[in-house]
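Coordinate-derived values only; no laboratory data. Computed from a predicted model, the values in this text were never measured in an experiment. Cβ coordinates were reconstructed from backbone atoms using ideal geometry, including for glycine residues, and neighbour counts include every protein chain displayed.
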Amino acid sequence: MKLTESMIRGIGMTSQRTRERLVRRLREKGVMSAAVLEVILQTPRHLFVDEALASRAYEDTALPIGYSQTISQPYIVARMTELLLANETPRRVLEVGTGCGYQTAVLAQLVPDVYTVERIEALLQQARRRFRQLRLSNIRNRHTDGQWGWKEHAPYDGILVTAAPEEIPSELLGQLKIGGRMVIPVGIQGQQHLTVITRTEDQYMQDIYEPVTFVPLLGGEI
């Protein structure tokens, strides 16, 4: 289906005014990046959820997308994106966990090249369709076990992980460029924290931020 401009803009609970209220809430909660907030404002989140949930798309909350997965809370999307771009804009970013494609779409409007992997093929097919509809041409995607990243295109200036491992996968660390940053939730259910890993010449520096709640990072493809 070809999207019309009115479908992208939305009406009522998906209108520009509703999006502006969301952005004000994100700013009040501490998101400072003007570039990130502008992309959140312009990205039609209602197109990334089931039509029955479209009226809730601009609430600052996670929503179900099927297959025991969720579309992340807008604050978390903005926060993780802001942390990834904190030092400078990375050229090449790997996203682990495409999901419905919303976080991917936000990244694609801020960095030149996005590589995204997803273990659930049905979700990836839906995300691909949305990328085409929104004419996001700088996204490459692959159906694969995200714990292994996408080695063929490594190293990456940035890696963003949208599910929580109990420990950071060594394979992902190895695909991070020297000077690059990884933003990842880490920990068991109920004890997860947003973590930023920075790779230096001889080590990985770790900074721990606020507590978060993510689905676990699982292995295998379905």
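Structural remarks
- DSSP beta bridge pairing in region 58-134, given as percent antiparallel to the nearest 5: 40
- Only helical runs count toward this figure. For the chain, summing -39,500 (n - 2.57) over DSSP H runs of n ≥ 4 and dividing by all residues gives -8000 deg cm²/dmol at 222 nm.
- Taking every DSSP bridge with both residues inside the chain, close to 45 percent are antiparallel.
- From most to least packed by mean Cβ count within 10 Å, the peptides 105-113, 207-215 give 105-113, 207-215.
- Here the Gaussian network model covers the chain, with springs between Cα atoms less than 10 Å apart; of Gly30, Gly174, Gly99, Gly30 fluctuates the most.
- The label point for Arg17 and the one for Arg56, both projected 7 Å from the Cα toward the Cβ, are 2.3 nm apart.
- The local environment of Val111, defined by Cβ-Cβ distances under 14 Å, has a net charge of 0 under the rule Lys, Arg +1 and Asp, Glu -1.
- If you take all other residues with their beta carbon under 15 Å from the beta carbon of Gly30, and give Lys and Arg +1 and Asp and Glu -1, the sum is +1.
- Relative contact order computed over the chain (Cα-Cα under 8 Å; 6+ residues apart), in percent: 15
- Taking a ≥ b ≥ c as the square roots of the eigenvalues of the Cα gyration tensor, region 163-222 is classed as oblate, since a/c reaches at least 1.5 and a/b does not exceed b/c.
- Span from the region 120-187 Cα centroid across to the region 23-100 one, whole angstrom: 15
- Computed from Cα atoms, the angle from the helix 16-28 axis to the main principal axis of the chain rounds to 40 degrees.
- Residue-count net charge about Thr61 - beta-carbon cut-off 12 Å; Lys, Arg +1, Asp, Glu -1: +1
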